[in-house]
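Trainee: First the structure, then my questions, so here it is.
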Amino acid sequence: MDIKKLKVLFTEEQIQSRIKELSDEMNAFYKGEEVYAICVLKGAVMFATDLVKNLNMPLKMEFIRLSSYNGGTTTSGKVNAVDISLPDLNGKNVLIIEDIVDTGLTAKFLLDFMNCNFHTKSTKFCSLLDKKIKRVTEVEPDYYGFEVDDKFLVGYGLDYDGYYRNLKYIGYSDKFPLE
Ligand code: IMP
């Protein structure tokens, strides 16, 4: 579990600077209208909290919890809604905040859930990372921070078996678990 074996993909400075750019775009888009920011736990927790600190409109945060991994480095292909209780979002601007879009199954699940349950004023999907090469759905994020290759990434919310979420940077290794 030696984190020195991780290679750094995005430094803390790169992440924070990209978040600033994304939030500038969002502040321009929403023009001061109220937003419901929905953080998808657990992976998006770091990104969501840093992002909303840079948003300048009236904003409420909601947290939902999904899971599709069973502790390894590949998706089970099935999205489980661990906790998806939300307030009435009819007529609201909804911004879903994810850590990474990989196959896109989670994003599709969430967007379908929103469509089935609410008539929102707007629904935007924002992901820090976009692993476009792995996509099996037609879903694309409205906002994303960085496009990434097909590597298993950890840090800044992303985990392997629950570990590494607390790193300030995003890193990778060809082999997990780290020895
Ligand atoms: P998707 O449903 O395949 O798009 O995967 C979305 C979820 O898989 C993300 O929210 C992450 O929790 C997890 N995930 C996908 N790729 C990675 C990765 O490289 N590292 C850690 N978690 C990942």
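The values are calculated or read from the model by the stated rules, or taken from the named source; none is laboratory data. Fair warning: this is a prediction, and the values are worked out from it, not measured in the lab. FYI the Cβ positions are ideal-geometry reconstructions off the backbone, even for glycines, and counts take in every protein chain you see. Side chains included, ligands, DNA and RNA excluded: accessible areas come from the protein's heavy atoms. Shrake-Rupley method; radii C 1.70, N 1.55, O 1.52, S 1.80 Å.
Trainee: Give all pairs with beta carbons closer than 6 Å in which a residue from segment 62-78 that is surrounded by 11 or more Cβ atoms within 10 Å (Cβ to Cβ) meets a residue that is at pLDDT 90 or above and of a type in the set (D, E, K, R); count only pairs at least 6 apart in sequence or on separate chains.
Mentor: Cβ pairs passing all conditions: Arg65/Asp83.
Trainee: Run down Val136, Val94 and say which single residue is farther than 30 Å from Asp2 by Cα, over 12 Å from the mean Cα position of the chain (by Cα) and open to solvent by 20 Å² or more (accessible area, probe 1.4 Å). First the steps, then the outcome.
Mentor: On the way: Val94 fails: open to solvent by 20 Å² or more (accessible area, probe 1.4 Å).
Testing whether each residue is farther than 30 Å from Asp2 by Cα, over 12 Å from the mean Cα position of the chain (by Cα) and open to solvent by 20 Å² or more (accessible area, probe 1.4 Å) leaves just Val136.
Trainee: What number of residues in segment 1-11 are open to solvent by 70 Å² or more (accessible area, probe 1.4 Å) and within 20 Å of Tyr143 (Cβ to Cβ)?
Mentor: Summing the residues that are open to solvent by 70 Å² or more (accessible area, probe 1.4 Å) and within 20 Å of Tyr143 (Cβ to Cβ) in segment 1-11 gives 0.
Trainee: Of the residues in segment 139-179, how many are farther than 14 Å from Ala44 by Cβ, open to solvent by 50 Å² or more (accessible area, probe 1.4 Å) and not in a loop (DSSP other than H, G, I, E, B)?
Mentor: Qualifying residue count for the region: 2.
Trainee: With the requirement that a residue be within 13 Å of the chain's Cα centre (by Cα) and among the small types (Gly, Ala, Ser), what does segment 139-179 give you?
Mentor: Answer for segment 139-179, where residues must be within 13 Å of the chain's Cα centre (by Cα) and among the small types (Gly, Ala, Ser): Gly145, Gly155, Gly157.
Trainee: Further question: Quick check: anything in segment 40-48 in contact with an Asp or Glu (Cβ under 8 Å, 6 or more places away or on another chain), outside any helix (DSSP H, G or I), open to solvent by 60 Å² or more (accessible area, probe 1.4 Å) and not aliphatic (A, V, I, L, M)?
Mentor: yes
Trainee: Could I ask something else about it? Is there a residue being open to solvent by 80 Å² or more (accessible area, probe 1.4 Å) and in contact with a Pro (Cβ under 8 Å, 6 or more places away or on another chain) anywhere in segment 23-31?
Mentor: No, every residue in segment 23-31 fails to be open to solvent by 80 Å² or more (accessible area, probe 1.4 Å) and in contact with a Pro (Cβ under 8 Å, 6 or more places away or on another chain).
Trainee: I would also like to ask the following. If I filter segment 86-102 for residues that are assigned to a loop (DSSP other than H, G, I, E, B) and in contact with a His (Cβ under 8 Å, 6 or more places away or on another chain), do I get at least one hit?
Mentor: So the first thing to find is which residues in segment 86-102 are assigned to a loop (DSSP other than H, G, I, E, B), and the list is 86-92, 102.
Applying the additional criterion that residues be in contact with a His (Cβ under 8 Å, 6 or more places away or on another chain) yields 90-91.
Yes: segment 86-102 contains one or more residues that are assigned to a loop (DSSP other than H, G, I, E, B) and in contact with a His (Cβ under 8 Å, 6 or more places away or on another chain).
Trainee: Return only the number of the condition from (1) within 9 Å of the ligand (Cβ to nearest atom); (2) in contact with a Lys or Arg (Cβ under 9 Å, 6 or more places away or on another chain); (3) of a type outside the set (Val, Ile, Thr) that Ala81 does not satisfy.
Mentor: (1)
Trainee: Here are the criteria: (1) farther than 21 Å from Ser173 by Cα; (2) part of a loop (DSSP other than H, G, I, E, B); (3) not acidic (Asp, Glu). Tell me which single one Met61 does not satisfy.
Mentor: That leaves (2) as the condition not met.
Trainee: Could you tell me whether any residue of segment 116-124 is closer than 30 Å to Val8 by Cα, within 14 Å of the ligand (Cβ to nearest atom) and either part of a strand (DSSP E or B) or among the hydroxyl-bearing types (Ser, Thr, Tyr) (or both)?
Mentor: Filtering segment 116-124 for residues closer than 30 Å to Val8 by Cα gives 124.
Checking which are within 14 Å of the ligand (Cβ to nearest atom) leaves us with none.
So far as segment 116-124 goes, no, none of its residues is closer than 30 Å to Val8 by Cα, within 14 Å of the ligand (Cβ to nearest atom) and either part of a strand (DSSP E or B) or among the hydroxyl-bearing types (Ser, Thr, Tyr) (or both).
Trainee: For Ser76, are the conditions met, namely being under 21 Å from Lys53 (Cα atoms), within 11 Å of the ligand (Cβ to nearest atom) and in contact with a strand residue (DSSP E or B) (Cβ under 6 Å, 6 or more places away or on another chain)? Break it down stepwise before answering.
Mentor: Values: under 21 Å from Lys53 (Cα atoms): no; within 11 Å of the ligand (Cβ to nearest atom): yes; in contact with a strand residue (DSSP E or B) (Cβ under 6 Å, 6 or more places away or on another chain): yes.
Here the answer is no, as Ser76 does not meet what is asked.
Trainee: Moving to a separate point now. Failed condition for Thr106, given (1) in contact with a strand residue (DSSP E or B) (Cβ under 7 Å, 6 or more places away or on another chain); (2) within 22 Å of Ala28 (Cα to Cα), with all others met?
Mentor: That leaves (2) as the condition not met.
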